[in-house]
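The values are calculated or read from the model by the stated rules, or taken from the named source; none is laboratory data. Please read all numbers here as calculations on a predicted model, not as lab measurements. Neighbour counts are summed over all protein chains in view; Cβ atoms, including those assigned to glycine, are modelled from backbone coordinates with ideal geometry. The protein model used for the area step is the full one, side chains on, heavy atoms only, and it has no ligands, DNA or RNA in it. Shrake-Rupley method; radii C 1.70, N 1.55, O 1.52, S 1.80 Å.
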Amino acid sequence: LEVALPLAGYYGLRAAGVSPWLALTVGSLLAAPWIVYAAVRDRRFDVTAAFTLSLMLVGGLMSLVTGDPRVLLVRDSWLGALLGLWILGSLATQRPFIMVSSRAVVVAKVGEAGAKAWEDRWNQEADFRRHVRILTAVWGVVFLGDAAVRVALAYALPIDAAPGVSMAQWLVVLGCLLCFHTLYVSRTGLKA
């Protein structure tokens, strides 16, 4: 819903004759109740959700000031670019992005004891560390590249084509990234 609702809202509002700026603004705000509901339901402050809501607000305000609806189209790229930079920045830490983000999956697959053994490989195996860092770097570069492509699409395409093409492009990129991730994990022995 958080992905489909804004896109459907945008194209529905455009079909009803609403301006691109208003359709983008209202369309993106359709996701806000779901983000807030998830935070209330889970009874915890979700930094990612708060960041997403703040991007919606800042993007809307910037677009209002500039009058350019393309500013709203670029807003999602900010999140992708920041995420890519954070992922790449995690390479300099003791636990890169892939080690942190994969823990829940590893626990679900092999339990706490298996996850502990998987995490111990980080301290014991140089090849394991190298492959985790390579995979983390790939994720970071892909997120940065995706952000750049989405900015280019926002300014190169007709305004009504940009949201759909951008979403389709993101789904293709994400699908390819997940396929690469799965193959790389299998071939390099990173599986838990």
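Return the residues of segment 45-75 that are modelled with pLDDT of 70 or more and either farther than 20 Å from Ala152 by Cα or assigned to a helix (DSSP H, G or I) (or both); say none if nothing qualifies. Arg70, Val71, Leu72, Leu73, Val74, Arg75, listed by residue number.
Per-residue answers, yes or no, for (1) touching a helix residue (DSSP H, G or I) at 6+ places or on another chain (Cβ under 7 Å); (2) at pLDDT 90 or above; (3) surrounded by fewer than 19 Cβ atoms within 10 Å (Cβ to Cβ); (4) of a type in the set (Asp, Glu):
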| position | (1), (2), (3), (4) |
| --- | --- |
| Pro96 | yes, yes, no, no |
| Arg103 | yes, no, yes, no |
| Val107 | yes, no, yes, no |
| Trp122 | yes, yes, yes, no |
| Glu125 | no, yes, yes, yes |
| Leu135 | yes, yes, no, no |
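Of all residues in segment 14-33, those being under 15 Å from Ala161 (Cα atoms), open to solvent by 50 Å² or more (accessible area, probe 1.4 Å) and outside any loop (DSSP other than H, G, I, E, B) number 3. Across segment 80-120, the qualifying residues are those that are outside any helix (DSSP H, G or I) and free of Cβ contacts under 8 Å to residues at least 12 places away in the same chain, and the one among them that is farthest from Gly145 (Cα to Cα) is Gln94. Of the residues Leu171, Leu183, Leu157, Leu178, the single one that is under 13 Å from the mean Cα position of the chain (by Cα) and over 21 Å from Trp86 (Cβ atoms) is Leu171.
From the set of residues in segment 143-192 that are in contact with a Ser or Thr (Cβ under 9 Å, 6 or more places away or on another chain) and open to solvent by less than 30 Å² (accessible area, probe 1.4 Å), which is nearest to Pro69 (Cα to Cα)? Break it down stepwise before answering.
In the first step, residues of segment 143-192 are kept if they are in contact with a Ser or Thr (Cβ under 9 Å, 6 or more places away or on another chain); the result is 146-151, 153-154, 157, 166, 185, 190, 192.
This time we only want the ones that are open to solvent by less than 30 Å² (accessible area, probe 1.4 Å), so: 146-147, 150, 154, 166, 185, 190.
Values: Asp146: 20, Ala147: 17, Arg150: 14, Ala154: 10, Ser166: 15, Val185: 41, Leu190: 44 Å.
My answer is Ala154.
Looking only at segment 145-192, which residues are within 27 Å of Ala126 (Cβ to Cβ), part of a helix (DSSP H, G or I), in contact (Cβ under 8 Å) with a residue 40 or more places away in the chain and of a type outside the set (Ser, Thr, Tyr)?
Looking only at segment 145-192, we keep the residues that are within 27 Å of Ala126 (Cβ to Cβ), and these are 177-192.
Then drop every residue that is not part of a helix (DSSP H, G or I), which leaves 177-188.
Imposing the further condition that a residue be in contact (Cβ under 8 Å) with a residue 40 or more places away in the chain reduces the set to 180-181, 184-185, 188.
Within segment 145-192, Phe180, His181, Val185 meet the criteria.
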